[in-house]
Amino acid sequence: MQQLLILTAISWLVVAFIDYKLYRLILYKLECLNVKVESDSYRYKEDEDVAKERKRITETNEHKLFKTDAMVMVGVSKRYCSSKTVAVYSTNLGVQEKECLGLLGQNGAGKTTMFKMLTGDIALSYGDAYFKGDSIKTKLKTVQSMMSYCPQFDALHDVLTGRETLYLYGRLRGVQEGSLREVTNMIIDFITLHPHEDNYTRTYSGGNKRKLSVGIAIIGNPHFIMLDEPTAGLDPVSRRSLWRCLHMVRSMGRTLVLSSHSMEECEALCTKIAIIKQGRLLCLGSQQYLKNKYDQGYSVILHASTGVDGKPTDLETAITSLDQHFANIKVFDKQAYYCHLLVPESTRLSELFQVLVEVKSSCDLSHFTVQQTSLEQVFLKFMKE
């Protein structure tokens, strides 16, 4: 009997140690989890907007900062002890309520690692993050009660249906039993899961699994919603339906943080965009601000037509003709059937269209398009540097 009591006490202590993540108190004392990771400034010059944000975060009084920003990252860094690989360098960033922060970056840029740190899945190497003034280091349970997370890879129960899965997470999120069915039906309508809600999740396609993962993230109306590539693999109709759903959620006063490889999605949802490369924050601002700041002029795309022999018409003649009319034209991309050019912003649009119409006729082009600098061009500019 005495041995059973001792075993029960030890088991309870082990469970409490794991459940409350008390091991973090030990890990944070280790050298590999308590060293500030600074970016090598000789390779990456800090952008003026990033420096301004860092100064605002580090020099503003905490009480004043928490009144304006719902989520604050102060020097958040991650270095893996085993390989000594730095996944995220010192990041200072604030997000206000009703904002949607979009994290853009190549594969391996550190976006998912940042999500895992913010959700408490992995420990920070240095720095801290605050949600409504609560630290993820000292009040992790409180922070997690205000937060939901849609991971990059779906974590669903194969033996449950979509409706049962939403019931399960709805109860965990504190939805009252009397309104659980109504809330679940509303979420199913939002994520357009009909008519698959009563099928087992193991039979779902990749797109329906992503829909259900987003539904899990928004059920219970959490204050902070973390979305790691939420619409990856969705068809255009379902994608736009989810965008409308997330717009409604944000209009209700919720704060969203999402990562995506879709520039169209970031333009549709995000109020603030941060571009990350190799764990470093390269630029920060609204999409229109970034377009204006890193404006590369007008984007002109020439489309070749197919000749009688089935081959595309030569685009070199068209490029030469444009180069004679406008100075400093740059060839951004060139393929067999199209050519992407950058024309300086100083060029008058009326003159540009007049010359393009003449070139289209003389060089037998299929058609052409003219547009402002896109978010994708800004992103590619940083990735090529």
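Tabulated results
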quantity: In the range 260-354, lysine pairs closer than 19 Å at Cα, eight or more apart or cross-chain; calculated: 7
quantity: Shape of the range 193-240, Cα gyration tensor, a/c cut at 1.5; calculated: oblate
quantity: Surface accessible to a 1.4 Å probe, Glu99 within the full protein complex, Å²; calculated: 40
quantity: GNM top mover of Thr165, Thr60, Thr320 - the chain, alpha-carbon springs below 10 Å; calculated: Thr320
quantity: Phi to ³J(HN,Hα) by Karplus 6.51 cos²θ - 1.76 cosθ + 1.60 over the range 173-179, Hz, x for Gly, Pro; calculated: 7, x, 5, 5, 4, x, 10
quantity: Between the range 350-372 and the range 84-147, the Cα center-to-center distance that results, in Å; calculated: 47
quantity: In Hz, Karplus ³J(HN,Hα) per residue of the range 136-153 (6.51, -1.76, 1.60; θ = phi - 60°; x = Gly, Pro); calculated: 6, 7, 9, 10, 5, 4, 5, 5, 5, 5, 9, 10, 10, 9, 9, x, 5, 10
quantity: Calculated Cα extents along the principal axes in Å (choose from (1) 97, 54, 39; (2) 78, 69, 43; (3) 73, 48, 34), label; calculated: (1)
quantity: Degrees between helix 2-19 axis and first principal axis of the chain (Cα, 0 to 90, nearest 10); calculated: 20
quantity: For the chain, size of Cβ-based charge dipole, Lys and Arg +1, Asp and Glu -1, in debye; calculated: 1380
quantity: Accessible area in the full protein assembly, largest first, 1.4 Å probe, for Cys81, Cys363; calculated: Cys81, Cys363
quantity: Å² of accessible area per residue within the chain, as computed with a 1.4 Å probe and no ligands counted; calculated: 52
quantity: Carbon plus sulfur fraction of accessible area for the chain, probe 1.4 Å, in percent; calculated: 53
quantity: Ranked order, Ser346, Ser259 - accessible area, probe 1.4 Å, largest first; calculated: Ser346, Ser259
quantity: Entries in Lys52/Lys78; Lys45/Lys384; Lys360/Lys381; Lys55/Lys84 that, when Cα-Cα distance is taken, lie over 18 Å; calculated: Lys52/Lys78; Lys360/Lys381; Lys55/Lys84
quantity: Whether the range 260-317 is rounded, prolate or oblate, judged on the alpha carbon gyration tensor where a/c under 1.5 counts as rounded; calculated: prolate
quantity: Accessible-area value, Val175, 1.4 Å probe, nucleic acids and ligands omitted, Å²; calculated: 30
quantity: Where N is the number of residues in the range 55-139, Cα Rg divided by 2.2 N^0.38 Å; calculated: 1.09
quantity: Acute angle (nearest 10 degrees) that the helix 375-384 long axis makes with the longest principal axis of the chain, alpha-carbon atoms; calculated: 80
quantity: Kirkwood hydrodynamic radius of the range 124-208, Cα pairs, Å; calculated: 15.0
quantity: Residue-wise HN-Hα coupling along the range 248-262, computed from phi with Karplus coefficients 6.51, -1.76, 1.60 (Hz; x: Gly, Pro); calculated: 5, 4, 5, 5, 7, x, 8, 9, 10, 10, 9, 10, 7, 9, 9
quantity: Descending semi-axes in Å of the range 313-385, equivalent ellipsoid built from Cα gyration tensor; calculated: 21, 15, 11
quantity: Alpha carbon Rg of the range 261-361, scaled by the compact-globule rule 2.2 N^0.38 Å; calculated: 1.36
quantity: Net charge, Phe326 excluded, C-beta distance under 15 Å - Lys, Arg +1, Asp, Glu -1; calculated: -2
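The values are calculated or read from the model by the stated rules, or taken from the named source; none is laboratory data. This one's a predicted model, so the numbers in the text were calculated from it and none came from an experiment. Here Cβ is always computed from backbone atoms with ideal geometry, including for glycine, and neighbour counts include all displayed protein chains. Only protein heavy atoms, including side chains, enter the accessible area calculation; ligands, DNA and RNA are left aside. Shrake-Rupley method; radii C 1.70, N 1.55, O 1.52, S 1.80 Å.
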